[in-house]
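The values are calculated or read from the model by the stated rules, or taken from the named source; none is laboratory data. Computed from a predicted structure; not experimentally measured. Cβ atoms come from the backbone with ideal geometry, glycine included; neighbour counts cover every protein chain shown.
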Amino acid sequence: MNYHTTFSLLLILLLACGKETVEPDPFFTIQPASLTLQVEAGSGNKFFTVKSDKSLLISSDHPNWCIPTLSNVSFDNLKIAISANEMFEGRTAVVTVSNGTESRHITIHQSGKQPQLSVDRSNVTLQHGEAQFSLSVTSNIRYTVELPEWIQLKGEYLWQEGKQLYTFTLSALPDELLYREGVLTFTPVDAPSEVMSLSVQVMQKGFTKVIAHRGYWRTPDYPQNSLASLQRALDLEIYGSELDVWITNDGVVVLNHDATISGINIENSSYADLKEVRLSNGEPIPTLQGCIDRVKAQRKTRLVIEIKPHATTVNENRAVAAVLELVNNNGVTDQVDYISFSQNICKGLIANNPRNRVAYLNGNLAPDVLKAQGYWGLDYSSSVLKSNSGWVQVAKSLGLTANVWTVNTTADYDYFITMGVDFITTDNPLELKQLLATYQK
Ligand code: MG
């Protein structure tokens, strides 16, 4: 091989190599030039301008969610349609644009949706008579709702992405309950473990309840503080029947409103001294034991025992001890509430057992003072609660019950029901019971 031949071969080789070196095609351009896209989880379209003097081929390696199309009118417009990413993980697709001799790769990184579940409230308190409440739930994931049996979801339960308002209804609170508490639990379905269940505390407060004042009397055969009027109140199946008690000097607890009956001072007399006493319907003076026997025979209506202020602290303490002994020995502690105008009597009842339900009658102590002294509630006159109209809500916020006496007109029933008292003590228990029934429908 001579010099010329060698030179020619090298030249051919060089030319051949030169032909294989890819020169960028000046007619094949894509704008914008950045071929890596970071996109959000939502759906959307991305556009490029492509210029080429040759026919273009386009493809996607994930055509299920990343779909490139070229304009029908010219080859200049490339649209890439990107579907929403419902998954929590990010994902990547590559769109290839080729003019037959060279290719450009557009890489699309799409982030996943952040799983989200939130409820607008973590607790709900339903006041008197409220029978439904609503919750707004924001979520992009599926979840189930677990409910106590006394709360129902109103209408169909439908999950959908985004925000949804749920309305729940409540069944009536049983008469024997002042309130009840439950939990709604929203549990994610098929979500990553970091998405926690959410709970909403629900408290249902009872509607105003009826207490018959000195039994259900107001007719000749049913005198106040008699077994007959007590039985008539029990037959109404209301919350409670109030009665007034004194202790005789030989330790018998008897019913009467005043300190004397038929001219006999009760606390200075023996039970035998009272044996001739007759009420207007012919009954002997009732004993607390006789009333407890009636209450034990049913499990619905409670005794609200008012221990009257006696002439001496010694007699008050004897009365407290005797009443507690009767209640405990008869096993009716859960069927009895206590009230008194005497702070000494109330303190004795609370000291005996802090769980005794003791309410103060005299109207001269603010709710926070009662709370500090271990009272269960206040039981104040309608005039005291009208002139201290904030006390009922303060009492309730402190966890105390509120009772009002003695309320006998429709206007006052409405006033105190609206105020939110737990109990109304009335001489017209049937009338009030019927009024409350209309409110709860
Ligand atoms: Mg009384």
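Could you pull out the residue among 251, 155 that is within 23 Å of the chain's Cα centre (by Cα) and at positive phi? Answer to the selection: 155. Among all positions in the range 372-381, there is at least one residue which is in the same structural domain as residue 405 (by TED's automatic domain parsing), among the aromatic types (Phe, Trp, Tyr) and away from the ligand (no atom under 16 Å from the Cβ).
Of the strands (runs of 3 or more DSSP E) that lie entirely inside the range 187-248, those containing 2 or more residues that are within 16 Å of the ligand (Cβ to nearest atom) and among the small types (Gly, Ala, Ser) span 240-247. Could you pull out the residue among 97, 50 that is outside the structural domain of residue 198 (by TED's automatic domain parsing), in a strand (DSSP E or B), modelled with pLDDT of 90 or more and out of contact with any Lys or Arg (no Cβ under 7 Å at 6 or more places or on another chain)? 50 is the lone residue from the list that is outside the structural domain of residue 198 (by TED's automatic domain parsing), in a strand (DSSP E or B), modelled with pLDDT of 90 or more and out of contact with any Lys or Arg (no Cβ under 7 Å at 6 or more places or on another chain). Only a single item in (1) in contact (Cβ under 8 Å) with a residue 40 or more places away in the chain; (2) not in a helix (DSSP H, G or I) is not met by residue 270, and it is number (1).
Scanning the range 175-210 for residues that are closer than 16 Å to residue 132 by Cα and either loosely packed, with under 13 Cβ neighbours inside 10 Å or out of contact with any His (no Cβ under 9 Å at 6 or more places or on another chain) (or both) yields a count of 11.
Considering only the range 56-105, state which residues are out of contact with any strand residue (DSSP E or B) (no Cβ under 7 Å at 6 or more places or on another chain) and among the hydroxyl-bearing types (Ser, Thr, Tyr). Correct list: 74, 83, 101.
Is it the case that residue 361 is within 20 Å of residue 407 (Cα to Cα), among the hydrophobic types (A, V, I, L, M, F, W, C) and either more than 15 Å from the ligand (Cβ to nearest atom) or out of contact with any helix residue (DSSP H, G or I) (no Cβ under 6 Å at 6 or more places or on another chain) (or both)? So residue 361 fits the description; yes.
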